[in-house]
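Asks: Sending over a structure as structure tokens; questions will come in a sec.
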Ligand code: SAM
């Protein structure tokens, strides 16, 4: 049985897809997708030897070697352009995820869905999607074993639609009159802000605590750069609190 997190990622994979799961570790996601008959074919990519061997073993033991190709390599280097139509990347930081997508963007031809679950730094992923003309289609948030995860799904859109993607991040006024900047929308999620859930509030309460700790650390130093940074963190906290107060 999959974890709730991987199950929610699996639920977003369209029936009949060809999937590349990058950073597949034990290849649990492609194994499940193949066993359930959801996908036609999968590539399980891994850059590290241990997880690559674990994935190889898992696929062999599940008798799925014909459906899942386990490949060793960095990011999208394991796929050929046009080979898959869905890419899943889960369980790593958002900035690593964005750099994997950036380095492999010439491989994205024919890809219709990107299903991404960054552990931190979701703003890096949203910014990359926006800059590269991918439409953020949905945002999901879940809590499992005391951890909160976001799943961002993006779809490919025709060139003429790419010009409209900025609209999602256009500065807007919330019901309580607070303005949310593009930066804040990239950080907190344009759909999450429209339809704030309890788990999302919990996430941001805990992010505020982390920011308060960072601010406290910075305030211990009198160096000019630290003072400026502390002020910046303080401003960020103020804005996040305003957004939360407006939506509660
Ligand atoms: N995707 C699985 C999940 O969500 O449960 C495994 C997540 S695991 C925490 C992250 C995996 O990504 C590790 O197995 C690591 O070896 C792999 N990884 C990290 N950087 C990578 C890269 N540049 N290319 C491919 N795999 C990478």
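Asks: Sorted from largest down, give the three principal axis spans of the alpha carbons of the chain, whole angstrom values.
Replies: 58, 43, 32
Asks: Also, quick follow-up: Using a Förster distance of 35 Å, how high is the FRET efficiency between residue 241 and residue 145, based on the Cβ-Cβ distance and rounded to 0.05?
Replies: 0.80
Asks: Using mean Cβ contacts within 10 Å as the protection proxy, how do 114-121, 222-229 order, highest first?
Replies: 114-121, 222-229
Asks: How far is the Cα center of region 158-179 from the Cα center of region 60-133, in Å?
Replies: Here the two parts' Cα centres lie 26 Å apart.
Asks: Okay, moving on. On C-alpha positions alone, give me the angle between the axis of helix 224-247 and the longest principal axis of the chain, in degrees, nearest 10.
Replies: 80
Asks: With the crude spin-label approximation of a point 7 Å out along Cα→Cβ, what separation in nm comes out for residue 208 versus residue 224?
Replies: It works out to 3.3 nm between the two label points.
Asks: Moving on to the next point. Assuming R0 = 41 Å, can you tell me the calculated FRET efficiency for the pair residue 1 and residue 195, based on Cβ-Cβ distance, to the nearest 0.05?
Replies: That gives a FRET efficiency of 0.90.
Asks: Given the DSSP H assignment, sum -39500 (n - 2.57) over each helix run of at least 4 residues in the chain and divide by its residue total; what's the result at 222 nm in deg cm²/dmol, nearest 500? The partial results should precede the final answer.
Replies: Numbers: 10 runs with 110 residues, N = 248.
My calculation for the chain gives -13500 deg cm²/dmol from helical runs alone.
Asks: Please find the FRET efficiency linking residue 157 to residue 183, where r is the Cβ-Cβ separation and R0 is fixed at 35 Å, and quote it to the nearest 0.05.
Replies: 0.90
Asks: Mind ranking 168-177, 87-96, 146-155 by how tightly packed they are, going by the mean number of other C-beta atoms within 10 angstrom, highest first?
Replies: Values: 168-177: 12.8, 87-96: 20.6, 146-155: 18.3.
By packing density, highest mean first, the sequence is 87-96, 146-155, 168-177.
All of the numbers you see were taken from the coordinates with simple rules; none came from a lab. Worth saying up front: this structure is predicted, and the values here are computed from it rather than measured. Cβ atoms come from the backbone with ideal geometry, glycine included; neighbour counts cover every protein chain shown.
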